[in-house]
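> The structure under discussion is supplied below as structure tokens; questions concerning it will follow.
The values are calculated or read from the model by the stated rules, or taken from the named source; none is laboratory data. This one's a predicted model, so the numbers in the text were calculated from it and none came from an experiment. In this analysis, Cβ positions are derived from the backbone assuming ideal geometry, glycine residues included, and neighbour counts consider all displayed protein chains.
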Amino acid sequence: MRSPRPLAAALAALALSACSAAPPCPPAAPSAPPQSASAAVGHLDSDLVEAIATYAGVDKVEIYVDRGGRMTKASVYHADAAKIPAAARAAADRQLPGGKPKHFESERYAGEGAAVEIEIDRADQRACEVSLTPEGALRYVECKVPVAELPRAIADKVAALVAGGAIEEVEQKKGPRGEAWSVETKKDGVTHVLRFSAAGELTGRGVQVTAKITVEAR
């Protein structure tokens, strides 16, 4: 459920200047050399930066990027219940009644906007997360399950994709968009994340890397 990722993005700037027709026309200022994509580092959502700097109990940030460097998701892990909207907290309690909120995530998804996740310890000791919009609409419920409960067809695909890897975590996700599985398997010190549909089709894969984020102090 927790895996930090690197961030990359490209920015560009354009400057226009004009000169009147009346002579003499002052010499044009030299134009700045174009900035290459590799020279730019992009930026995080300002609300997430504020969360990193000010929320209580921040202990991790996860960033997801595609192969082109586009950030697709960013999550701030924290213990600040007051920063989770009341509607979302109430909806999580309805989804998993009797559970104890343990940790929180404030998130941004590309193309979808803000979301929150509430990690809950259930009476059966199975750790689950409820993902919701700030208004309390359910996105999904995701629970850790024993490796033995991973469907055999998916387990076989994991073994083929990361031969010799050791499965460390299995999560099952259920929600309005259907059911899905996420598997973390480690080989040679590298953690691979594989995602599958309920039918066992591979829907995504990536590798986890450790990163540090330093936020400027006020």
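> Determine if the stretch 116-126 includes at least one residue that is of a type in the set (G, A, S), over 30 Å from D47 (Cα atoms) and at pLDDT below 95.
Yes, the conditions are met somewhere in the stretch 116-126.
> Based on what the data block shows, is G200 modelled with pLDDT of 95 or more, more than 20 Å from E62 (Cβ to Cβ) and either exposed (fewer than 14 other Cβ atoms within 10 Å of the Cβ) or not assigned by TED's automatic domain parsing to the domain that holds L138 (or both)?
Yes: the conditions hold for G200.
> Being touching a residue at least 40 places away in the same chain (Cβ under 8 Å), in contact with a Pro (Cβ under 7 Å, 6 or more places away or on another chain), over 23 Å from G204 (Cα atoms) and not basic (K, R) is the requirement here; does A81 meet it?
No; evaluated as a whole, the condition is false for this residue.
> Of the residues in the stretch 117-147, how many are hydrophobic (A, V, I, L, M, F, W, C) and more than 27 Å from I167 (Cα to Cα)?
3
> What number of residues in the stretch 184-193 are in contact with a strand residue (DSSP E or B) (Cβ under 8 Å, 6 or more places away or on another chain) and either under 13 Å from K173 (Cα atoms) or among the acidic types (D, E) (or both)?
Of the residues in that region, 1 qualify.
> Here is a further query. Is it true that some residue in the stretch 118-138 is free of Cβ contacts under 8 Å to residues at least 40 places away in the same chain, assigned by TED's automatic domain parsing to the domain that holds A81 and touching a Ser or Thr at 6+ places or on another chain (Cβ under 7 Å)?
no
> Follow-up. Which residues, taken from the stretch 101-143, are loosely packed, with under 15 Cβ neighbours inside 10 Å, among the charged types (D, E, K, R) and outside any loop (DSSP other than H, G, I, E, B)?
K102 - this is the single residue of the stretch 101-143 that is loosely packed, with under 15 Cβ neighbours inside 10 Å, among the charged types (D, E, K, R) and outside any loop (DSSP other than H, G, I, E, B).
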